[in-house]
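Heads up, the thing below is written out as structure tokens.
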Amino acid sequence: MAITPWRLAYLGIIFFWVYMTTQLVKRTYFPSDDGLVAISPGQVLQRFAQTGDYINNLVLLRDNQRLGHASIAAKTWEDEQNHQPKGFAIHAGGMVEGTAWSEPGSNLAWSFAGRVDHAQVWHSLDLRVRSPVSSVVMQWEIGQKEPVLEVRKEGKLVADTDSLRNQAKMMSLIPGFSGLGGLSLPQANGSQEVALDKAISLTAKSGSLEIAGQLRQAFILQAGVFGLVESTLTFTEVGELAEVALPGKYRLVDPIIFGISSAENADKAP
């Protein structure tokens, strides 16, 4: 039987109706499908690295209250011998006001530096946190079985990798814990050893998202830290970091994109 133009149009309408019905059912009964397309995290980091000359001064908000600031940047990480792109070097830092934990004036400063290759394998991490009375430093290089930790209070060393390892051995006697070199995480179904290459997991998506009240093409980068803490970074179509959703209803936002010009109007943020 020959397919006439009207039959072809009819089949097209049927297929279109089936497709739209399927999408409607998926969006209604399976809301976890956000309509975004999975992509390589490297694609997002590459766009972000291309905005390296742009300094993003992000505002830290909780319930639209300004509680600090931060800056996050990425650059191409090149091999020292052949100068070929190897991955990305990520640097971040900022300050959290003591008001966040009901101690005005007791501000906390932090910094982060890390290198991840194109296969999403981390080669180094450097995390530093400092308050008026104490400081914590964690450094981890590829090839090391465990990170180098140092905790100081009022300038005096109160804990390091060795002391924490010994403490972990004692904790291993408690049900639910396992002494894995002091670097095991207690979980409901046992313990899991932490490795540098898997310390931070990255997944990415792209699609249309609402940013500051406007629908635009965007990129999402989800980062899971040690399998316990997760944050979501939202980038514009050109690679600008617009927002970082953090645990505890905290978020970092670009004040220009979101129209925040001063502390007084921070409570007007969406």
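The values are calculated or read from the model by the stated rules, or taken from the named source; none is laboratory data. Values in this document were obtained by computation on a predicted structure and should not be read as measured data. Here the Cβ is made from the backbone with ideal geometry for all residues, glycine too, and neighbour counts use every protein chain on show.
Leu157 is checked against (1) modelled with pLDDT of 80 or more; (2) surrounded by 13 or more Cβ atoms within 10 Å (Cβ to Cβ); (3) over 28 Å from Ser231 (Cα atoms) and fails just one. What number does that condition carry?
That leaves (2) as the condition not met.
Could you name every one of the strands (runs of 3 or more DSSP E) located completely within segment 45-157 that has at least 2 residues being more than 27 Å from Pro255 (Cβ to Cβ) and among the polar types (S, T, N, Q)?
Values: elements: 58-62, 65-78, 85-96, 108-117, 122-130, 134-141, 148-153.
Correct list: 134-141.
To keep it simple, each residue is scored yes or no on (1) under 23 Å from Val37 (Cβ atoms); (2) modelled with pLDDT of 90 or more; (3) in contact with a Leu (Cβ under 9 Å, 6 or more places away or on another chain).
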{"position": "Lys169", "(1), (2), (3)": "no, no, no"}
{"position": "Ser178", "(1), (2), (3)": "no, no, no"}
{"position": "Phe219", "(1), (2), (3)": "yes, yes, yes"}
{"position": "Ile256", "(1), (2), (3)": "no, yes, no"}
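Could you go through segment 53-75 and let me know if any residue there is closer than 19 Å to Trp122 by Cα and out of contact with any Gly (no Cβ under 9 Å at 6 or more places or on another chain).
Checking segment 53-75: not a single residue is closer than 19 Å to Trp122 by Cα and out of contact with any Gly (no Cβ under 9 Å at 6 or more places or on another chain).
Filter segment 191-205 for residues that are buried (at least 18 other Cβ atoms within 10 Å of the Cβ) and modelled with pLDDT of 90 or more; which is nearest to the chain's Cα centre (by Cα)?
Ile200
Glu210 - would you say it is under 18 Å from Ala73 (Cα atoms) and surrounded by fewer than 16 Cβ atoms within 10 Å (Cβ to Cβ)?
On the way: under 18 Å from Ala73 (Cα atoms): no; surrounded by fewer than 16 Cβ atoms within 10 Å (Cβ to Cβ): yes.
It is false that Glu210 is under 18 Å from Ala73 (Cα atoms) and surrounded by fewer than 16 Cβ atoms within 10 Å (Cβ to Cβ).
Does at least one position in segment 115-124 carry a residue that is surrounded by 15 or more Cβ atoms within 10 Å (Cβ to Cβ), charged (D, E, K, R) and more than 17 Å from Phe226 (Cβ to Cβ)? Quick ask: steps written out before the conclusion?
Within segment 115-124, the first condition is being surrounded by 15 or more Cβ atoms within 10 Å (Cβ to Cβ), and the residues that meet it are 115-118, 120, 122-124.
Cutting the leftovers down to charged (D, E, K, R) gives us 115, 117.
If we keep only those that are more than 17 Å from Phe226 (Cβ to Cβ) as well, we get 115, 117.
The answer is yes; a qualifying residue exists.
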